[in-house]
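Pasting a structure below so you can have a look.
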Amino acid sequence: MSSNNYIEQKKNTHLYFRAGTNKYAVNTDNVLEIMKLPELDYPQKLPNNILGLLKYNNFVINVIDIRFYIDIEVPPYTTNNELLIIKTDETIFGVIADKVLGILPFDASQVDAIPFVDNKTIVESLYKHEQETIFIVNIYAIENLLKQHEIKDDGVDIFSLFPQDEVSKNIMKKRTLDIADKSRLKLASGELHAKNKYISFNLSEDSYCIELSFVKEVLKDTTITRVPGTPDFIEGIMNLRGDYITVLNLKKFLNLRPGKLLDKNPVIIVKCNELKLALLIDKINELFEFQENENIEPGDGYYSQELIYNGALYTVLNVDKITSDKRIIVTDM
């Protein structure tokens, strides 16, 4: 792949999520982290439909819900809601989502611009994906609105949207304390390095992650077709919009405890060494950003390094080593 094609594809890779009945997307370059909804601070008067404040990496950031800006009713939140940490060139803020759905490379030909977009228009374009519409969020419009500091009273009791039972409040409070503990380990400058992003997942009970630069798409479920005569760690092939991709059972390939296939087969599609490969996993977890000074020297095997994030140990897979293994090649159909 040429450097220009790589840059263009990277620019068009989006993380998409559900909020209510709609699906929205933001460019992965602007996503620092995804976390479960923590406890927020609620000052009495907040401007521009800001839901609360969160201390993140020595910054106090605003937390918003896109639905308030496009006049869609917001139901009460639960501890299952997720929070995307978004950055622009000038600011960092949080966006509440019902559920993060995955990562997709957007085909520019399937993007429809919305006419009359200005610096206050939250949705800047539409993306058509498998007969559904994903709204592409204009994060710079949100940035401009946050700068205006206009107090807006629409009659909604923001505080009542958040869980009030003690169990939920304790869960969210612990998450906030975990964020604070993690922040104390960051660089004193608070500088954020977008290049150090990982997507994490489970193989059995163990936690692993992959550098986001290798990831082309994440699918929560897929249909796999068996191919006779292939090694047992080749689960089969999958058809992704006409492109046949080898599906690698990571647990078998890495000689881990095999377990059994679940009803749903989540895969992470990676590309390296001109090879596109679907990695069969047990569970997709989160996207997170990691500081350079926390990295350990990489190894030269299938495991690149180990990271400790939020008190948990993650093994980073060496995608370059895995995709260069000649045993995984299946003849194209």
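The numbers here are math on the coordinates, done by the rules we state, and not lab data. Computed from a prediction, not measured in an experiment: that's the story for all the values here. A quick note on method: Cβ atoms are made from the backbone with ideal geometry, for glycine too, and the neighbour counts reach across all protein chains shown.
At a temperature of 20 °C and a viscosity of 1.002 mPa s, determine how fast segment 71-114 diffuses translationally according to Stokes-Einstein, using the Kirkwood radius over alpha-carbon pairs as Rh; express D in µm²/s, rounded to the nearest whole number.
Values: Rh = 13.6 Å.
Stokes-Einstein gives a translational diffusion coefficient of 158 µm²/s.
Within the set of other residues whose C-beta is less than 13 Å from the C-beta of residue 205, count the net charge using Lys and Arg as +1 and Asp and Glu as -1. Mind showing how you got there, number by number?
Values: positive: 251, 257, 283; negative: 206, 282.
Here the count lands on +1.
Just list whichever of 251/326; 128/271; 87/283 have alpha carbons separated by over 21 Å in the model shown. Intermediate values should be presented prior to the final figure.
Details: 251/326 18 Å; 128/271 23 Å; 87/283 27 Å.
Table pairs above 21 Å Cα-Cα are 128/271; 87/283.
How big is the gap, in Å, between the Cα center of segment 59-108 and the Cα center of segment 198-233?
The two parts, judged by their Cα centres, are 26 Å apart.
Moving to a separate point now. Over 21 Å between Cα atoms, which of 147/169; 252/321; 55/147; 252/276 qualify?
On the way: 147/169 30 Å; 252/321 16 Å; 55/147 18 Å; 252/276 19 Å.
As for pairs spanning more than 21 Å Cα to Cα, those are 147/169.
Okay, next question. Enter the per residue convex hull volume of segment 197-328, computed from alpha-carbon coordinates, in Å³ rounded to the nearest integer. Let's see the in-between values first.
On the way: hull volume 14.8 nm³, N = 132.
Given the Cα convex hull of segment 197-328, per-residue volume reads 112 Å³.
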